[in-house]
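Below: the structure, in structure tokens.
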Amino acid sequence: MDRIFFPTSNGVVIHCDDKKVISAINCDGQKKMKSFREKNKIIFWHFPFMRGFQFFFCGIFGFFQALLLSYDLCNTNKRTKTNEINKFYTQKLIIVGLVSILAVIFSAFVLGLLPGKLGYLIVDYKGSELLRNFVIFVFKLILFFLFVLALRVFPVVVECFRFNKAGEIVLRDFERDKEKSQKKDKNIKKIKNLNSFIVKNSNLTPNFLNYLIFVFVLDFLVVTLWGADYGFWFNLALNVAVFLVCMSFAYEILWLMNLPKCKFLNKLQNLTGFLVYDKPTTTHIETVMVAMTEINLLTSQKEREFMDDENKKAFSVVYTQVRNKLYNAGITDKSDADWIIATVLGKNRAEIKLLSFVTEKQYQEIMKATERRAKGESIDNIFGYTEFYGLRFDVNKKVLTPRMETEILVEQVLKAETYFKNATILDLGTGSGAIAVAIAKNSDANVTAVDISKSALLTAESNAKKNDVKIEFLHSNLFDNLKRKRKFDIIVSNPPYIPTKDIEKLDKNVKECDPVLALDGGEDGLDFYRKIAEQAPLRLNQNGLIFFEVGKGQAKAVRKILRDNGFEEIKTIKDYNKIERVICGKRK
């Protein structure tokens, strides 16, 4: 068994083995979460036809237990509100009890008597018994569907159906993500027999409310079409036996319909599912995601602490809020939520998943950072620093935030530096100083860094000092302020390479947070490559090398620029996405 959920009128309860998580919304609109260990374990989950009985009876118990647990979770101890809240949830429980009583009365009288009378009116005693029984079945089905639809007059029932649909959506997304990760794992073994197939897919648990509806529909079909009449007690025993068989078969049928690859069968569930589903809001989905996040963490971390104090800010609640706020802002990279929380808490991404809760102060700081990220500001600018080549760099809106692919440029320079004795290296357009500092920190080279922006140089000098490296910083437009006869073994540059017309098309995060001076490469994006390549031969020692980072699709043009200016042995290095990213040339 993997995950099974029970919807309530104010939240959801999710089980996994012996673990249980409750996530609910109280009458103040606040999300509450609690987790604990369940003493009773389900034991027949991998046995076809046996599991249907267990699912029905344990499900009935689990469903009503979920109602009581969610009520208990959202009941506060604050004296000023106790009576008000008790009244609020007592009314809900009364309505649920009333609905249950109505269901019994409806089943006994309306479904038991009315369809039979109508069936005999349409097909009399002289007509086909099978046809008459089929007509009776149709009437039973219509009346049953109308009764379930009529329950929607109660708001608590509608809320329950909304949480039911939200749970279905979240569980489906979880299964999809799980399937994708399994496909990436080349060590996953192929299914060899039916038993392993059943075990592998045992987590495809049918939706409980839909299962209940399906059991009754199947029971109506079998009992009515059979039409056996051998006396009251025999009929009663027969009906009970048929109902038990329907419990088992209904589970297996819905289990098959749940198989991911059977898209047509998936849609057939809607024949009964529409009765117990209602369109959820973002709040309903978030509430279910809180429970799903926590149950995933509990199952993946054996030593994880159970969240038994619902008054604390549960990590799962905070994580879900951050994820959804970013997603609604169009930021779909899931790692952003991890980085924000980890940075605020001063932990790495793996450590935050071990947390059960955060303090109120930490929560407020996390949400402030999330708000800024949702408005398009980069994580680096929000916190004022970033990591590059294993080092920490302060960044701001006056310097370009170093990108991960630029680490490849640094790697290539460090490899080449070993061929020179006491290598001298010039970093043109140093910006935050990331390239220069990373090279100086990982080699014995004498590094000089220049930039046209004085504010950028101040940031670069500060980063060099914090990383304990010595670099010569000069204010210069490329080579202009360097001594005329000064030469270097290696020149490295990550110049502006975005065509002017494309600046406005850039991601809002880049356009508003990085300086245009560090982005605009002229009409075709190649202006700086031409200027540097023209002057570089006079600034390089014998066998000197030049290294450029280039934009996507620019490698061919930059190679030509280097050849036209007398460079040879031109090489191209691709980045992690197989894009030509670094160009290297040797002075002829």
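Since every read-out is calculated from the coordinates, none of them should be taken as a lab result. The model shown is predicted, which means the values in this text are computed figures rather than measured ones. A quick note on method: Cβ atoms are made from the backbone with ideal geometry, for glycine too, and the neighbour counts reach across all protein chains shown.
Figures for the structure shown
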item: Gain in span if fully extended, S443 to E534, counting 0.36 nm per residue against the direct Cα distance; result: 30.0 nm
item: K368-I122 FRET efficiency (beta carbon distance; Förster radius 60 Å; 0.05 resolution); result: 0.30
item: Long-range amide H partners of F388 with built H, under 5 Å; result: F393
item: Length added when fully stretched, A329-L130, from 0.36 nm per residue minus Cα-Cα; result: 65.8 nm
item: Karplus-derived 3J(HN,Hα), 6.51/-1.76/1.60, for each residue of region 404-413, Hz, glycine and proline x; result: 4, 5, 5, 4, 5, 4, 4, 4, 5, 5
item: Inter-probe distance in nm under a simple model that places probes 7 Å from Cα toward Cβ, at F53 and D480; result: 8.9 nm
item: Length-normalised contact order for region 312-375 - Cα pairs under 8 Å, 6+ apart - percent; result: 50 percent
item: Computed lengthening from Q30 to T283, 0.36 nm per intervening residue step minus Cα-Cα distance; result: 90.1 nm
item: Sites F147 and E360 - FRET efficiency at Förster radius 51 Å, r taken between beta-carbons, to 0.05; result: 0.65
item: Cα→Cβ-extended label distance, 7 Å offset, between N239 and I579, nm; result: 6.9 nm
item: Within-11-Å neighbourhood charge of T386 [Cβ basis; K, R +1; D, E -1]; result: -1
item: Packing-based ranking, highest mean first, of 23-31, 489-497 given that Cβ atoms within 10 Å are counted; result: 489-497, 23-31
item: Peptide ranges 445-455, 568-578, 274-284 listed from the most packed, as the mean C-beta count within 10 angstrom indicates; result: 445-455, 274-284, 568-578
item: Under 15 Å, Cβ to Cβ, from T272 - net charge with Lys/Arg +1 and Asp/Glu -1; result: 0
item: Built amide H within the under 5 Å cut-off of M307, gap 5+; result: S35
item: Distant-in-sequence amide H partners of E38 (H built 1.01 Å from N, under 5 Å); result: K19, K20
item: Inter-label distance, nm, simple model (7 Å from Cα along the C-beta direction), K267/E38; result: 3.4 nm
item: Highest-first arrangement of 238-246, 396-404, where packing means the average Cβ count within 10 Å; result: 396-404, 238-246
item: In Hz, Karplus ³J(HN,Hα) per residue of region 527-538 (6.51, -1.76, 1.60; θ = phi - 60°; x = Gly, Pro); result: 3, 6, 5, 5, 4, 5, 5, 5, 9, 4, x, 7
item: Entries in K31/K347; K487/K552; K31/K361 that, when Cα-Cα distance is taken, lie over 20 Å; result: K31/K347; K487/K552
